[in-house]
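Chemist: This is the structure I have questions about; it appears just below.
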Amino acid sequence: MRDTSKHQGLRNQLAKSLKNKGISDQKVLDAIRKVPRHLFIDSSFEDHTYRDKAFPIAAGQTISQPYTVAFQSQVLRIRQGDKVLEIGTGSGYQTAVLVAMQAEVYSIERQHELFKKTSLFLPKIGYRPKKLIFGDGYKGFPEKAPFDKVIVTAGAPYIPKALMAQLKVGGKLLIPVGGLTQTMTLLIRTSPKKFEKHELGDFTFVPMLQKKN
Ligand code: SAH
């Protein structure tokens, strides 16, 4: 588990390229510069780690593309102390970016193998979410609701009601909605019964699954 000045240089370049692609939130760019992305990926891919690409990880899943991670983090305007619920822990890279932005992160993963792997790995490199949960993201995490922000990192066929219900008034839910490609959808809870909806372009995520395979 090495992080060298070469890796740091590659991360600085990655942050620069994300800035050119429209990421302007300094806290997001700082987190991209800080989190050692190469350690989240199988070492046979190490050379590619700091390109703006998604990659395969364990259990047939992917680590999101840096631009997507940066975009979602920027749209949510993550602030220090925000209570954030993430659906789809996966490699833990997005989780680590949120932790680097000083959010209190709860993250749910439905694949046990990934859940175990990431639970051991994140503390090892010094990133400590509040809690990693093995469970079904469609249910959210009512024990710790309401949340300031909810981020879904898998493509959902629809917006789960439970996630809307677990949002604070003034809170934001960001979720890619659709089939093979998805529309990044932002819901802002403007009152207990009202949500404002914004559609923010097309993305491609692995599917948010409804039942165990
Ligand atoms: N945030 C991750 C992205 C991983 S890909 C990263 O940065 O690496 C999406 C993840 O969502 C996969 O790990 C997949 O297993 C998980 N997932 C899919 N459906 C889910 C569900 N219903 N509940 C929780 N996690 C789910």
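The values are calculated or read from the model by the stated rules, or taken from the named source; none is laboratory data. This structure is a prediction, so every number in the text was calculated from the model and none was measured. Virtual Cβ from ideal backbone geometry, glycine too; neighbours counted across all protein chains shown. Areas reflect the complete protein model, heavy atoms only, side chains present, ligands, DNA and RNA absent. Shrake-Rupley method; radii C 1.70, N 1.55, O 1.52, S 1.80 Å.
Chemist: Any idea what the relative contact order of the range 53-203 is, in percent, if you count C-alpha pairs under 8 Å spaced at least 6 apart?
Modeler: Relative contact order, the range 53-203: 18 percent.
Chemist: Oh, and also: Put +1 on the Cβ of every Lys and Arg and -1 on every Asp and Glu Cβ in the range 53-203; which of Gly60, Ile151, Tyr106 then has its Cα farthest towards the positive end of the dipole?
Modeler: Tyr106
Chemist: Express the Stokes-Einstein translational diffusion coefficient of the range 72-180 in µm² s⁻¹, to the nearest whole number, given a Kirkwood radius over alpha-carbon pairs, 20 °C and a viscosity of 1.002 mPa s.
Modeler: The estimated diffusion coefficient comes to 156 µm²/s.
Chemist: Kindly work out what percent of the DSSP beta bridges joining two residues of the range 53-203 are antiparallel, to the nearest 5.
Modeler: 50
Chemist: Give the Cα extents of the chain along the principal axes, in whole Å, largest first.
Modeler: Rounded to whole Å, the extents work out to 50, 37, 33 Å.
Chemist: Using a cut-off of 15 Å between beta-carbons, work out the net charge of the residues near Lys172 (Lys and Arg +1, Asp and Glu -1, Lys172 not included).
Modeler: Residues near Lys172 contribute +2 overall.
Chemist: Turning to a different aspect of this structure: Hand me the chymotrypsin sites (Phe, Trp or Tyr not before Pro) from the range 85-173 located in a DSSP loop with no more than 11 other Cβ atoms within 10 Å, in residue order please.
Modeler: Tyr158
Chemist: For the chain, what is the charge dipole size about the Cα centre, in debye to the nearest 20, if Lys and Arg each add +1 at the Cβ and Asp and Glu each add -1 at the Cβ?
Modeler: The calculated dipole for the chain is roughly 460 debye.
Chemist: Now a separate question. Of the heavy-atom accessible surface of the chain (probe 1.4 angstrom), what whole percent is carbon and sulfur?
Modeler: C and S fraction of accessible area: 52 percent.
Chemist: In terms of solvent-accessible area of protein heavy atoms at a 1.4 angstrom probe, what is the ranking of Arg110, Arg51, highest value first?
Modeler: Arg51, Arg110
Chemist: OK, next. Nearest 10 degrees is fine. How inclined is helix 66-75 to the longest principal axis of the chain, computing both from alpha carbons?
Modeler: Around 40 degrees separate the two axes.
Chemist: Enter the accessible area per residue of the chain (Å², integer; probe 1.4 Å; all protein chains in place).
Modeler: Details: 10340 Å² over 213 residues.
So the chain comes to 49 Å² accessible per residue, rounded to a whole number.
Chemist: Follow-up question, since we're still on this one. How high is the relative contact order of the range 4-114, given as a whole-number percent (alpha carbon pairs under 8 Å, six or more residues apart)?
Modeler: Once normalised by length, the contact order is 25 percent.
Chemist: Right, something else. Taking a 25 Å limit on the Cα-Cα distance, which of the listed pairs Lys131/Lys211; Lys53/Lys139; Lys124/Lys161; Lys161/Lys211; Lys131/Lys168; Lys34/Lys149 fall beyond it?
Modeler: Lys53/Lys139; Lys124/Lys161
Chemist: Determine Rg/Rh for the range 70-132; Rg is computed over alpha-carbon atoms and Rh is the Kirkwood hydrodynamic estimate from the same atoms.
Modeler: Value, to two decimals: 0.94.
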